[in-house]
Amino acid sequence: MKIFFASAVLLLSISAWAQDDLGPQGPVVKMAPAPVVTAVQGKPSTVPLTFRVSSGYHINSNQPKSEFLIPTALKVEATTDIVIGKITYPDGQDMSFPFDPDEKLNVYTGDFKIDVQVRPLHTVQPGKYIVRGTLNTRPAITPPAIPRNSYRSASKSRSPKLRQQP
């Protein structure tokens, strides 16, 4: 019975250690608390939303350079009598990665801010309102830099020649 217990503990600890390497325990992208913004009836106001991409990760920008990449997009759902206006995304950062060092992807890393314009209609009653939204992203692990020479030499390796049997 003691051997079984020790084996089970060992397996559980290996499993927990392996999961640790899979990434962060929480979301890859987190939002900072949104500020309280005072908006006047009928006039637009900007709500700045700050997001943070976990260290070691990146997400595609809102304008990725390839049609095959999923852009980061904020979908905002307003209550009645509040109109959501323009959503302004920051410029991304052009980065290349070891899997294709010649192509640069436009991504967000670290902190970035998205501005959302809101406009309460003239009919809205004064008070506090909550606007909810969803940030759609495609997070990816940012691989460590691999020297170009070692990357290319790995792709140029040849297989050994086979000899025919007499």
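The values are calculated or read from the model by the stated rules, or taken from the named source; none is laboratory data. Since the structure is predicted, the reported quantities are computational estimates derived from the model, not experimental observations. Here the Cβ positions follow ideal geometry from the backbone for every residue, glycine too, while neighbour counts run over all protein chains shown.
A few remarks follow.
- Every pair of residues 6+ apart whose Cβ atoms lie under 9 Å, when the first sits in region 119-134 and is part of a loop (DSSP other than H, G, I, E, B) while the second is of a type in the set (D, E, K, R): LEU121/ASP81; HIS122/ASP81; THR123/ASP81; VAL124/ASP81; GLN125/ASP81; TYR129/ASP81; VAL131/GLU77
- Residue list for region 86-104, restricted to those being small (Gly, Ala, Ser) and either crowded, with 16+ Cβ neighbours inside 10 Å or under 16 Å from the mean Cα position of the chain (by Cα) (or both): GLY92
- When region 25-57 is filtered for residues that are basic (Lys, Arg) and either surrounded by 13 or more Cβ atoms within 10 Å (Cβ to Cβ) or not in a loop (DSSP other than H, G, I, E, B) (or both), the ones remaining, listed by number, are LYS30, ARG52.
- Cross-chain or 6+ apart pairs with Cβ under 7 Å, region 28-48 first and farther than 14 Å from VAL131 by Cβ, then part of a loop (DSSP other than H, G, I, E, B) and of a type in the set (Ser, Thr, Tyr): VAL28/SER54; VAL29/THR137
- Count of region 34-90 residues which are at positive phi and either at pLDDT below 90 or among the polar types (S, T, N, Q) (or both): 2
- Selection count, region 58-70, where residues are in a loop (DSSP other than H, G, I, E, B) and crowded, with 18+ Cβ neighbours inside 10 Å: 3
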